[in-house]
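Participant: Below you will find the structure I want to go over with you.
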4 protein chains.
Amino acid sequence: MAKKRWFPRVSGAPEPLTFSVERQVRFEEVDAVGIVWHGRYPSYFEDARVALGAQYGLGYMDFYAQGILAPIKKMHIDYHWPLRFEDPFTIEGRWHWSEAARLNYEFILRNAEQQIVTSGYSVQMLLDLEHNLLVVPPPFYQEFLQRWKEGTL
Amino acid sequence: MAKKRWFPRVSGAPEPLTFSVERQVRFEEVDAVGIVWHGRYPSYFEDARVALGAQYGLGYMDFYAQGILAPIKKMHIDYHWPLRFEDPFTIEGRWHWSEAARLNYEFILRNAEQQIVTSGYSVQMLLDLEHNLLVVPPPFYQEFLQRWKEGTL
Amino acid sequence: MAKKRWFPRVSGAPEPLTFSVERQVRFEEVDAVGIVWHGRYPSYFEDARVALGAQYGLGYMDFYAQGILAPIKKMHIDYHWPLRFEDPFTIEGRWHWSEAARLNYEFILRNAEQQIVTSGYSVQMLLDLEHNLLVVPPPFYQEFLQRWKEGTL
Amino acid sequence: MAKKRWFPRVSGAPEPLTFSVERQVRFEEVDAVGIVWHGRYPSYFEDARVALGAQYGLGYMDFYAQGILAPIKKMHIDYHWPLRFEDPFTIEGRWHWSEAARLNYEFILRNAEQQIVTSGYSVQMLLDLEHNLLVVPPPFYQEFLQRWKEGTL
C-alpha cells in the first residue's frame with residue numbers, strides 16, 4: 001500500500017531487490033518514555049541499506065571506488081508502533097528499480113509478532129566527485145541494472 | 001513552496017509560531033565523506049522542537065504533566081546542501097496551526113550564507129497515557145489554541 | 001596485564017564470567033578521518049555488558065525488577081588501534097568477581113586479526129530506588145554470587 | 001584532588017589553558033531511567049575539547065593542516081551525579097602543560113548548583129599522516145608551547 005505510493009511500479013520493471021537484517025533494541029536507543037527515540041530509525045534504515053549494498057556488491061564504498069557519491073536527498077519515516085529495550089525486530093530493505101541515476105530504497109520494520117512497526121524510504125542521487133549530478137547512470141551501474149533485469153545478480 | 005504542500009494554510013488560520021536555534025556542526029556528527037551524516041538531522045529538528053515547546057510553554061514534559069503523550073508519527077527530510085565540521089547553521093522551527101489533536105512542525109535549516117540546506121517536517125499525535133488517540137484536543141490545549149488565535153501567547 | 005591492574009584477582013576468587021559479542025563497524029560510527037570516533041566505544045562496551053547480563057540472568061532490568069539501580073560510576077578506555085567502516089570485531093566482556101555491592105566489568109575489543117584494538121573497564125554501584133548506596137549486596141545478588149562461586153550459574 | 005593525580009603539575013610549568021562551554025541536556029541524551037546515558041559524556045568532553053582548540057587556535061583541523069593527527073589514546077570518566085532532561089550544565093576543559101608530543105585534557109562538568117557532576121580526562125598522541133608516533137613535538141607546536149609559557153597565547 002504505502003510502498004506503492006512511494007515508488008510506483010512501472011510495468012515491465014523487475015522485482016525489487018530485498019534483504020533483511022535482524023536487530024535487537026539497544027539500551028542507548030531508548031528514550032525517557034521507554035520507547036526507541038524516533039531519531040534512531042535512520043540508523044536502522046542504514047543497517048538495511050548497507051546490508052543490501054553488501055549483498056548485491058554495490059554499497060557506498062563500491063560507488064566511491066568508481067568515483068561516484070550517492071548522498072541521501074530525501075528520507076521519510078512513518079511510525080506505527082513503538083519498540084522497547086531488548087525488543088527483537090527485522091529491518092527489510094527493498095531496492096526499487098529505477099533507470100535514472102538514483103537509488104530508491106524502501107524500509108519495513110517488523111516486531112517479533114510480524115507487525116509493521118515502522119516504514120519509510122530514502123532516495124539517493126548519484127554525483128561525480130565534483131558533486132555534479134549525473135544525468136545518466138554510469139556504465140558500471142548500467143551493467144548492474146542490466147543484470148538486475150536479467151535476474152543474474 | 002515545499003512547506004505549502006506539507007501543511008496547507010487554511011484560510012483564517014493564525015500564522016505559524018516560529019523559533020530559531022543557532023548551532024554549529026560537531027565533530028561526531030560528520031561522516032567518513034566529511035559531511036553531516038543524514039541521520040543526525042532528526043536531532044537538529046528536535047533542538048528546534050524542544051526550543052519551540054520551551055518558548056511557548058508547551059513541550060514534551062508540559063504535555064506529559066497533563067497526562068498526554070505526543071509521539072512522532074511521521075517525519076520527512078529533504079537534503080539540499082551538505083553541512084561540514086564547524087559550519088554554523090540555524091534551525092528554524094515553525095509550528096503550524098491545526099485544530100485537530102496533532103502537532104504539525106516544519107523545520108528549515110540555513111547555513112551562514114542563508115541558503116536552505118535542509119528542510120522537513122514532523123507530525124505528532126496526542127495520546128492519553130493508555131496510548132489511546134485523542135480525537136478532540138484536551139481542554140488545556142484548546143485554551144492554548146484559543147490564545148494562539150487571539151495572538152496572546 | 002592492564003586488566004590485572006584494573007581488577008586485581010583476590011586469591012580464592014572464582015574466575016570472571018565472560019561473554020563475547022560479534023559486531024561490524026557501522027557507517028555512522030566512523031568519523032571524518034575514517035576511523036571509529038572514540039566516543040562510540042561506550043556503546044560497544046554496553047553491547048557486551050547487556051549480553052553478559054542476559055547470559056547470566058542479571059541485566060539492568062533484572063536489577064530494576066528487584067528495586068535496584070546499577071548506574072555506572074567509572075569508565076576507562078584505552079585505544080590501541082583504530083577500527084574502520086565495515087571492520088568486523090569482537091567485544092569480550094569479563095565480569096570480575098567482587099563481594100562488594102558493585103559490578104566490575106572489563107572489555108576487550110579484537111579485530112579480525114585478533115589484535116586487541118581497544119580495552120577498558122566500567123564500575124557500577126548498586127543503589128536502592130531512593131538512590132542510597134547499598135553497603136551490603138542484596139539477598140538475590142548474594143545468592144547469585146554464591147552460585148558463581150559454586151560454578152552453578 | 002582527582003585532577004592532580006591525573007596530570008601532576010611539574011614545578012615551573014605554566015597554568016593549564018581553560019575554556020568553558022554552556023550546554024543543556026537534550027532529549028535524546030536521556031535514557032530509559034531518566035538520566036543522561038553514561039555513554040553521552042565523551043560527546044560533552046568533545047564539545048570542550050573542540051572549544052579549547054578553537055579558543056587557542058589549535059584544533060583537530062589545525063593539526064591536520066600541519067600534517068599531524070591527534071587521535072585519542074586514553075579516556076577516563078568518573079560519574080558523581082546524574083543529569084536530567086533540560087538540566088543546564090557547564091563543561092570546563094583544562095589543557096594541561098606537557099612538553100611531550102601529547103595533549104592532556106581534563107574535563108569538569110558542573111550543574112546549575114555548581115556541583116561537580118562528572119569529571120574525567122583524555123590523552124591524545126601526535127602522529128604524522130603515516131601514523132608514526134612523533135617523539136618530538138613538531139615546530140609549530142613547540143612554538144605554541146613557547147607562547148603558552150610566555151603567557152602570550
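Participant: How many residues are surrounded by fewer than 16 Cβ atoms within 10 Å (Cβ to Cβ) and part of a loop (DSSP other than H, G, I, E, B) if we restrict to the range D:58-70? Explain how you work it out, then say what you get.
Facilitator: As a first pass, look at the range D:58-70 and keep what is surrounded by fewer than 16 Cβ atoms within 10 Å (Cβ to Cβ): D:61, D:64-67.
Narrowing further to those that are part of a loop (DSSP other than H, G, I, E, B): D:66-67.
Here the count works out to 2.
Participant: Which is more than 15 Å from the chain's Cα centre (by Cα), away from chain D (no Cβ under 14 Å) and not aromatic (Phe, Trp, Tyr), of C:Ala54, C:Ala13?
Facilitator: On the way: C:Ala54 fails: more than 15 Å from the chain's Cα centre (by Cα).
Just one listed residue meets the conditions, C:Ala13.
Participant: Does the range A:59-79 hold any residues that are of a type in the set (Val, Ile, Thr) and in contact with a helix residue (DSSP H, G or I) (Cβ under 6 Å, 6 or more places away or on another chain), and which are they?
Facilitator: Here is the first cut: in the range A:59-79, the ones of a type in the set (Val, Ile, Thr) are A:68, A:72, A:77.
Result: A:Ile72, A:Ile77.
Every residue, every condition in (1) touching a helix residue (DSSP H, G or I) at 6+ places or on another chain (Cβ under 9 Å); (2) not in a loop (DSSP other than H, G, I, E, B), yes or no:
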{"residue": "D:Trp81", "(1), (2)": "no, no"}
{"residue": "D:Glu92", "(1), (2)": "yes, yes"}
{"residue": "D:Thr118", "(1), (2)": "yes, yes"}
{"residue": "D:Ser122", "(1), (2)": "yes, yes"}
{"residue": "D:Glu130", "(1), (2)": "no, no"}
{"residue": "D:Leu145", "(1), (2)": "no, yes"}
{"residue": "D:Trp148", "(1), (2)": "no, yes"}
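Participant: Just wondering, is there one or more residues in the range D:126-136 that are surrounded by 16 or more Cβ atoms within 10 Å (Cβ to Cβ), closer than 30 Å to B:Asp47 by Cβ and touching a strand residue (DSSP E or B) at 6+ places or on another chain (Cβ under 7 Å)?
Facilitator: Keep residues of the range D:126-136 that are surrounded by 16 or more Cβ atoms within 10 Å (Cβ to Cβ), which gives D:126-127, D:134.
Pick out the ones that are also closer than 30 Å to B:Asp47 by Cβ and you get none.
Taking every residue of the range D:126-136 in turn, none turns out to be surrounded by 16 or more Cβ atoms within 10 Å (Cβ to Cβ), closer than 30 Å to B:Asp47 by Cβ and touching a strand residue (DSSP E or B) at 6+ places or on another chain (Cβ under 7 Å).
Participant: Among the residues of the range D:94-115, count how many are in contact (Cβ under 8 Å) with a residue 12 or more places away in the chain and out of contact with any helix residue (DSSP H, G or I) (no Cβ under 9 Å at 6 or more places or on another chain).
Facilitator: 6
Participant: Among the residues of the range B:94-109, what is the count of those that are surrounded by fewer than 18 Cβ atoms within 10 Å (Cβ to Cβ) and in a strand (DSSP E or B)?
Facilitator: Total meeting the criteria: 1.
Participant: I'm trying to understand the selection: among the residues of the range C:38-51, which are out of contact with any strand residue (DSSP E or B) (no Cβ under 8 Å at 6 or more places or on another chain) and away from chain D (no Cβ under 14 Å)?
Facilitator: Residues of the range C:38-51 out of contact with any strand residue (DSSP E or B) (no Cβ under 8 Å at 6 or more places or on another chain): C:39-40, C:43, C:46, C:50.
Hits for the range C:38-51: nothing passes.
Participant: In the range C:102-118, what residues are farther than 20 Å from C:Gln55 by Cα and hydrophobic (A, V, I, L, M, F, W, C)?
Facilitator: Initially, the range C:102-118 is screened for residues farther than 20 Å from C:Gln55 by Cα, giving C:110-118.
Selection gives C:Ala112, C:Ile116, C:Val117.
Participant: List pairs: first in the range D:69-83 and farther than 12 Å from C:Gly39 by Cα and within 7 Å of another protein chain (Cβ to nearest Cβ), second of a type in the set (D, E, K, R) and assigned to a loop (DSSP other than H, G, I, E, B), Cβ under 9 Å, 6+ apart or cross-chain?
Facilitator: Sorted first by the residue in the range D:69-83, then by its partner, the list stays empty.
Participant: Right, another one. Being over 25 Å from B:His96 (Cβ atoms) and either surrounded by 18 or more Cβ atoms within 10 Å (Cβ to Cβ) or at pLDDT below 95 (or both) is the filter here; which residues of the range B:9-38 pass it? Even if it seems obvious, please write down each step before you answer.
Facilitator: Restricting attention to the range B:9-38, the residues satisfying the condition of being over 25 Å from B:His96 (Cβ atoms) are B:24-37.
Listed by number, the residues that qualify are B:Val25, B:Phe27, B:Glu28, B:Glu29, B:Val30, B:Asp31, B:Ala32, B:Val33, B:Gly34, B:Ile35, B:Val36, B:Trp37.
Participant: Additional query: Within the range B:86-114, which residues are polar (S, T, N, Q) and at pLDDT 95 or above? Let's see the steps before the verdict.
Facilitator: Our first condition is that a residue be polar (S, T, N, Q); within the range B:86-114, this holds for B:90, B:98, B:104, B:111, B:114.
Across the range B:86-114, the qualifying residues are B:Thr90, B:Asn104, B:Asn111, B:Gln114.
Participant: Let me ask another. From (1) in contact with a His (Cβ under 6 Å, 6 or more places away or on another chain); (2) at pLDDT below 95, pick out the condition that doesn't hold for C:Leu127.
Facilitator: So the condition that C:Leu127 fails would be (1).
Participant: If you don't mind, there's one more thing I want to ask. Could you please find all residues in the range C:16-37 being touching a residue at least 40 places away in the same chain (Cβ under 8 Å), in a loop (DSSP other than H, G, I, E, B) and either over 15 Å from A:Met61 (Cα atoms) or more than 14 Å from chain B (Cβ to nearest Cβ) (or both)?
Facilitator: Once the filter is applied, which keeps residues that are touching a residue at least 40 places away in the same chain (Cβ under 8 Å), in a loop (DSSP other than H, G, I, E, B) and either over 15 Å from A:Met61 (Cα atoms) or more than 14 Å from chain B (Cβ to nearest Cβ) (or both), the range C:16-37 yields only C:Pro16.
The values are calculated or read from the model by the stated rules, or taken from the named source; none is laboratory data. Remember, it's a predicted structure, so these values are computed and weren't measured experimentally. As a convention, Cβ positions derive from the backbone with ideal geometry for all residues, glycine included, and neighbour counts pool all protein chains shown.
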